[in-house]
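First the structure, in the form of structure tokens, and then the observations on it.
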Amino acid sequence: MPRITIGPNWHFTIALAVLVCGSLFVSLNGLYSLYSMNASWIYLLLGVLVILSGLFFFFMCLFGDPGIPAEVYRLKARPYARIDVLPSTNAKGHHACYECNVYMHSGRSHCDLCGVCIDDLDHHCVFYSKCIGGGNVWYFRLSIVMFIVNMAYFIIVYGMLTMNKASHKHQ
């Protein structure tokens, strides 16, 4: 079940959203410029796919679950419920996180900024205002890659078409 989570650094998330909106504006402007230059439909289709995939990865990382264990969600959903305190270690030798009331296996870490445990924690990203972990690490990486691909695509294609148009004028 997908869960929307936003962390404590929401003002940086707004700054990132403004950057993404600016990038989207530049990309759509570039797409319109390609259309105005009578670019081949393949260039336009690739441009649309690059833009949409970049937005998809951005929003999946921004609003997706970073890997918060289900038992933490159950605990946070009922903050006033009586909670049995876990023993300090379980039968497998895992230590308890008393703030989240879960056991810490080898791939689980507690993020002090978010105040929750995360499975396969990579890092806490202040710009996304959330942890980057097992649930969203690939969306995070692909959103960065697609931002770079997006800008490179429009610079290269626009440059190629502009140079091609200029060479036809001189002939």
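Some points to look at:
- Between helix 137-169 and the chain: long-axis angle, C-alpha atoms, 0 to 90°, nearest 10: 0
- Taking the C-alpha atoms only, the angle from helix 41-63 to the longest principal axis of the chain is near 20 degrees.
- Debye intensity ratio in log₁₀ form over the Cα atoms of the stretch 42-166, taken at each q of 0.09, 0.16, 0.17, 0.22 Å⁻¹: -0.41, -0.82, -0.88, -1.18
- Taking the longest Cα principal axis of the chain as reference, the axis of helix 10-36 is set at about 20 degrees.
- Long-range HN-HN contacts of residue 95 with modeled amide H, under 5 Å: 104
- Under 5 Å from the amide H of residue 116 lie the amide H atoms of 111, each residue being 5 or more positions distant or on a separate chain, with H modelled from the backbone and absent for Pro and chain starts.
- Listed residue (89, 102, 144) projecting farthest to the positive dipole end of the stretch 64-171, Cβ model: 144
- For the stretch 105-120, putting each phi into the Karplus relation 6.51 cos²θ - 1.76 cosθ + 1.60 with θ = phi - 60° gives couplings of 7, 4, x, 10, 9, 9, 9, 6, 6, 8, x, 9, 8, 10, 6, 6 Hz, in residue order, rounded to whole numbers and with x for Gly and Pro.
- Stretch in the chain that is longest and holds no trypsin sites (Lys or Arg not before Pro) that DSSP places in a loop and that have at most 12 other beta carbons within 10 Å: 93-171
- The stretch 58-155, accessible surface, carbon-and-sulfur percent (1.4 angstrom probe): 63
- Take the chain with all the other protein chains still there, run a 1.4 Å probe, and you get 63 Å² of accessible area per residue.
- With the charge dipole of the chain set up from +1 on Lys and Arg Cβ and -1 on Asp and Glu Cβ about the Cα centre, the Cα lying farthest toward the positive end among the listed residues 32, 11, 60 is that of 32.
- Candidates 136, 90, 101: whichever shows maximal mean-square fluctuation once the chain is modelled as a Gaussian network with Cα springs under 10 Å: 90
- Only Lys, Arg, Asp and Glu carry charge here, each on its Cβ (+1 for the first two, -1 for the last two); on that basis the chain has a dipole of about 320 debye about its Cα centre.
- For the stretch 1-109, projected area of the alpha-carbon convex hull averaged over all directions, nm²: 10.2
The values are calculated or read from the model by the stated rules, or taken from the named source; none is laboratory data. In this text, all values refer to a predicted model and were calculated from it rather than measured experimentally. Backbone-built Cβ (ideal geometry, glycine too); neighbour counts: all protein chains shown. Please note that ligands, DNA and RNA were not included when accessible areas were found on the heavy atoms of the full protein model with its side chains. Shrake-Rupley method; radii C 1.70, N 1.55, O 1.52, S 1.80 Å.
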